[in-house]
1. Give me the number: length gained by fully extending residue 112 to residue 67, i.e. 0.36 nm times residue separation minus the C-alpha to C-alpha distance, one decimal in nm.
2. Quick one, which of [x] 21, 20, 16; [y] 35, 15, 14; [z] 42, 20, 11 is the actual semi-axes √(5λ) of the Cα gyration tensor in Å calculated for this model?
3. Using only the Cα atoms of the stretch 3-54, build the gyration tensor, take square roots of its eigenvalues as a ≥ b ≥ c, and label the shape rounded, prolate or oblate: rounded if a/c is under 1.5, else prolate if a/b is larger than b/c, else oblate.
4. At a threshold of 8 angstrom on Cα-Cα distance, excluding pairs fewer than six apart, so keeping six or more, what relative contact order does the chain reach in percent?
5. Determine the distance separating the Cα centre of the stretch 128-147 from the Cα centre of the stretch 39-112; give it in Å without decimals.
6. What's the ranking of 61-68, 113-120 by average number of surrounding C-beta atoms within 10 Å, highest first?
7. Can you tell me the relative contact order of the stretch 1-67? Whole percent, Cα pairs under 8 Å, sequence separation 6 or more.
8. To the nearest 500 deg cm²/dmol, what mean residue ellipticity at 222 nm is calculated for the chain from DSSP H runs of n ≥ 4 alone, each contributing -39,500 (n - 2.57), summed and divided by the residues?
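Each value in this text was obtained by applying a stated rule to the coordinates, not by laboratory testing. The structure displayed is predicted, hence computed values, not measured ones. Note that each Cβ is placed from the backbone with ideal geometry, even for glycine, and that neighbours are counted across all protein chains shown.
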């Protein structure tokens, strides 16, 4: 089966989404959708899996810069993990921001971050570490691809300032 995908570009309307947010002001879980954030900048950072070394380092870097980030934009981490796994990850690392659970891969596929990956020659499907900055007009303002953990926040702040 071949699928034709069109990459999202800066200026494109952000793909709509509906998901359960856990953590932060959403506590044990509340539904959210893209339209809830019209009029505010929104950061969606996509990451492969709660509790893995790279994802933990990335979440902790964002946690440590939370004061500065929260004054500039709404922020959500997005992965295919369950809300229960998200709650455990939030608690273990004291994350002040919410995470979106996307177990049916609707958001990761809409944002074109569900990709073929390879480790030790074995191919599998997974989430590519990518961050989208969505403007108050709900159009994509910046796309940070293949994000490296050290320096993610600096790149994000630069994108928010531009």
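1. My answer for the length gained is 13.3 nm.
2. [x]
3. oblate
4. 30
5. Centre-to-centre distance over Cα atoms comes out at 14 Å.
6. Averaged packing, sorted descending, gives the order 61-68, 113-120.
7. Numbers: 29 pairs, mean separation 11.6, N = 67.
Across the stretch 1-67, relative contact order equals 17 percent.
8. My calculation for the chain gives -7500 deg cm²/dmol from helical runs alone.
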